[in-house]
1. Among the listed pairs Lys157/Lys202; Lys59/Lys202; Lys202/Lys252; Lys124/Lys157; Lys96/Lys202; Lys4/Lys80, which have their C-alpha atoms separated by more than 24 angstrom in this model?
2. Treating only the Cβ atoms of Lys and Arg (+1) and Asp and Glu (-1) as charged, compute the dipole magnitude of the chain about its Cα centre; round to the nearest 20 debye.
3. Which part of segment 130-154 falls in the paramagnetic zone of Gln214, meaning amide N under 20 Å from the point 7 Å along Cα-to-beta-carbon?
4. Show me the three semi-axes of the equivalent ellipsoid for segment 112-216, from the C-alpha gyration tensor (sqrt of 5 times each eigenvalue), largest first, rounded to whole Å.
5. What residue among Arg51, Arg61, Arg149 shows peak mean-square fluctuation when the chain is described by a Gaussian network model with Cα springs under 10 Å?
6. Could you grab the relative contact order for segment 1-102? Cα pairs under 8 Å, six or more apart, rounded to a whole percent.
7. What percent do you get for the relative contact order of the chain when only Cα pairs under 8 Å and 6+ apart count?
8. Quick one, what does Rg over Rh come out to for segment 197-237 if you take C-alpha atoms and the Kirkwood Rh?
Amino acid sequence: MSDKLAEIMAHKRQEIAPLLRPIFESDLANLDAQLPRPPSFAAALRRTDGRLAVISEIKRRSPSAGAIAATANAAEQARKYQTAGADALSVLTDQKFFGGSLDDLRFVVREFSTHGPALPCLRKDFFIHPVQVAEAREAGASAILIIVRALNDEEIKALLGAATAAGLDALFEIHNEPDLARAITHGAKIIGVNNRDLAIFKTDLALTERLLPQVPAGIIKVSESGIFGAAEAGRATRAGAQAVLVGEALMKAVDPAALLEEIRSA
């Protein structure tokens, strides 16, 4: 871990420091029992028609692209994606680097509660501690993100245990073979190859082509970043991807439904 990712993680550790408290898996299980059950993120990625599932991302800006849709309303964007036929959503909740917030996730879930059916939502953030998992569950998320290269094994174990107790899926994000080996060791059920190097924010779809074929059968395979249309989606599909995560292209799309269909049909 270095450069931009190190900067982001250092800031995140400072950001969550005031929130840290002992939180046990039993606490999260109780929380899960008290709240409405969110739709399954994993199930949404296993399309029964054999076509590519699309995780549509709500992202206002990023360190690599700068401003994408700086004034976007999260609930309105979620409704656009829902109408367009998205399989699941990814909602950025990091404020400093991506312009998101936990309220964005809350507003999206609330929007679905009044204008269903609900789509499963990944809370896209830089997870370090189970307290963030509790926040995600309370906000209505269906899944959390575990960035393997940014965490030590104890942190990964704690996050996965917390997610499981809270009834959430976990998307393990990898960037190289050592990341993949660690994700498998921890029992990952969903593995996503981030084609963007979070240290330098360079994107290379060849990472999906190299790494996804190495993911064992039975694990859901996702390609993240750098997907703009049929060409990239086709490469991901041929590498074994069952789903792709698409942010910038969909945020900028005049016709999200047409782009989703193009990607899904690749």
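Rule-based calculations on the coordinates, nothing more; no lab input. Remember, it's a predicted structure, so these values are computed and weren't measured experimentally. Glycine gets a Cβ as well: all are built from the backbone with ideal geometry, and neighbour counts include every protein chain shown.
1. Lys157/Lys202; Lys4/Lys80
2. The calculation lands at about 260 debye.
3. Residues 146-153 fall inside that zone.
4. 24, 17, 13
5. Most flexible of the set in this elastic network: Arg51.
6. Dividing the mean separation by the residue count of segment 1-102 yields 24 percent.
7. Values: 526 pairs, mean separation 58.3, N = 266.
It comes to 22 percent, rounded to a whole number.
8. On the Cα set of segment 197-237, Rg over Rh gives 0.98.
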